[in-house]
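Data first, discussion second: the structure below is written as structure tokens.
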Amino acid sequence: MVEFLDLPIDILPLILAFVVKSSHLAAGALVDKTWNEFATPRLYERVSIFSWHKDAKTKVLLLFKTLSTYPHLAKHVRRLEVRDFPKAILHLPTSSDDTSIPDLVLEGIKNCKGLHSCVWTRDGSLSSEILEALSWIEPLRQLELNGHSQGQYDPRLLAHFRGLQKVSIIMPSSAVVSQFQRMTKVSGGNLRNVTIICKSSSVLTDATLEEMAPGLPNLEQFFITGCPKVTERGVSAIVPDCDMRAFAQHCTHTNALQSLHSITLTTPPSLNTTFHSTATVGDEPPKVSRLEAEWIAWTQNVNHMLSASPHLERFQLYATSTSSATTELVRGPGLDHVLRAFWAEIVRLHGAMIKRFSVLRMAVGEDGEPRSTLGSSNAPA
């Protein structure tokens, strides 16, 4: 009778790939030498610190003490995610072996020589020394950090990261924003993904994006939010071909979206206006207004863009309100037939595959046609 230990050792990594909980991986590492050899890299591959972790202060100290003391374990870390970091521990005098806490953290980071991704978003816990230590890690390709630099770290160190492919900066200060051009320039065209998250901040402007654009020739994804000083001028500098008609033609011509599974769109601000009609019964059919013509063109371009996306499963469309009332719908007599045609074409093209259909602040139609004709039962409108 064949027992588990008789199975070929080659399939052990495949088995461990399905083990998710760190406690289970830790138990697997204690089975024997062979299991330890395969389970330990999986156990340390991703290290995370979140605010909901119990006894976070103690765990942070233990984590960085382990990483600093045992380089053979730290070398397995591929993703270091510091979402919470008790700032008080940085002011503790020493650890139990007379090593200062900041030195313990720095030594632990330096030992993560295979680090590919680092997230450090806890406000007030990021220092110049930590940034410099991270910048020396050659395999590092992804960096997400808190952009509040005042009194915390020197923003000029951000230009020391030369191999980044993905960067996310949360709540950047003006000093950090001033380094964006240098960051993109030293990346040597490696950056593929850029995310900038603000909270109604005016520090990011069109001029900043125009300065960044030359350093982003291979950009694949660009996301910004909370930046009221950014207009289509700045976005066009980053994404020159953002005209929907030109973009749709490019996508269909190159089959760029043939593997697309999910898309989220926001209607242009110029379209987010309520339609009004003064026509009465017996009047001549009203002429197509400029706004209605723009809606027709935009919806047709969207459908044209998605016509070569046979695997589309999730479609989300948002209309940004022109008023402070976030529940205001973009609707009106002149818009209803345009939207009905739009929904019908979406259903015709993708109804068999759609699993999620989401619309915000737009009238879907009183007859509920999109909901009833979609191929999936769990497609909310």
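The values are calculated or read from the model by the stated rules, or taken from the named source; none is laboratory data. The model shown is predicted, which means the values in this text are computed figures rather than measured ones. Every residue, glycine as well, gets a Cβ built from its backbone with ideal geometry; the counts of neighbours run over all protein chains shown. SASA here: full protein model, heavy atoms, side chains in, ligands and nucleic acids out. Shrake-Rupley method; radii C 1.70, N 1.55, O 1.52, S 1.80 Å.
Computed values, structure above
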{"quantity": "Yes/no for residue 200 being on the phi > 0 side of the Ramachandran plot and loosely packed, with under 13 Cβ neighbours inside 10 Å", "calculated": "yes"}
{"quantity": "Output for the range 49-88, where each listed residue is in a helix (DSSP H, G or I), among the hydroxyl-bearing types (Ser, Thr, Tyr) and open to solvent by 60 Å² or more (accessible area, probe 1.4 Å)", "calculated": "58, 69"}
{"quantity": "Looking only at the range 30-48, and only at residues there that are without any contact (Cβ under 8 Å) to a residue 12 or more places away in the chain and in a helix (DSSP H, G or I), the one that is surrounded by the fewest Cβ atoms within 10 Å (Cβ to Cβ)", "calculated": "33"}
{"quantity": "Of residues in the range 18-29 being of a type in the set (A, V, I, L, M) and surrounded by 10 or more Cβ atoms within 10 Å (Cβ to Cβ), the one modelled with the lowest pLDDT", "calculated": "19"}
{"quantity": "Which numbered condition residue 119 fails, given (1) open to solvent by 20 Å² or more (accessible area, probe 1.4 Å); (2) closer than 21 Å to residue 184 by Cα", "calculated": "(1)"}
{"quantity": "Residue match in the range 217-231 (condition: touching a strand residue (DSSP E or B) at 6+ places or on another chain (Cβ under 6 Å), open to solvent by less than 70 Å² (accessible area, probe 1.4 Å) and either under 19 Å from residue 141 (Cβ atoms) or hydroxyl-bearing (Ser, Thr, Tyr) (or both))", "calculated": "yes"}
{"quantity": "Test: residue in the range 343-366 that is touching a Pro at 6+ places or on another chain (Cβ under 9 Å) and at pLDDT below 60", "calculated": "no"}
{"quantity": "Which listed residue is out of contact with any Leu (no Cβ under 7 Å at 6 or more places or on another chain), open to solvent by less than 40 Å² (accessible area, probe 1.4 Å) and touching a residue at least 24 places away in the same chain (Cβ under 8 Å), from 207, 213", "calculated": "213"}
{"quantity": "Whichever residue in the range 126-160 is crowded, with 21+ Cβ neighbours inside 10 Å and not aliphatic (A, V, I, L, M) and, among such residues, is farthest from the chain's Cα centre (by Cα)", "calculated": "153"}
{"quantity": "Qualifying positions in the range 237-258 - within 15 Å of residue 221 (Cβ to Cβ), assigned to a loop (DSSP other than H, G, I, E, B) and at pLDDT 80 or above", "calculated": "257"}
{"quantity": "Only one of 167, 194 that is modelled with pLDDT under 95 and crowded, with 18+ Cβ neighbours inside 10 Å", "calculated": "194"}
{"quantity": "Restricting the range 1-16 to residues that are open to solvent by less than 70 Å² (accessible area, probe 1.4 Å) and touching a residue at least 12 places away in the same chain (Cβ under 8 Å), the residue that is farthest from the chain's Cα centre (by Cα)", "calculated": "12"}
{"quantity": "Total residues in the range 302-319, condition of a type in the set (A, V, I, L, M, F, W, C) and farther than 14 Å from residue 262 by Cα", "calculated": "1"}
{"quantity": "Subset tally (residues that are among the acidic types (Asp, Glu) and not in a helix (DSSP H, G or I)) for the range 201-218", "calculated": "0"}
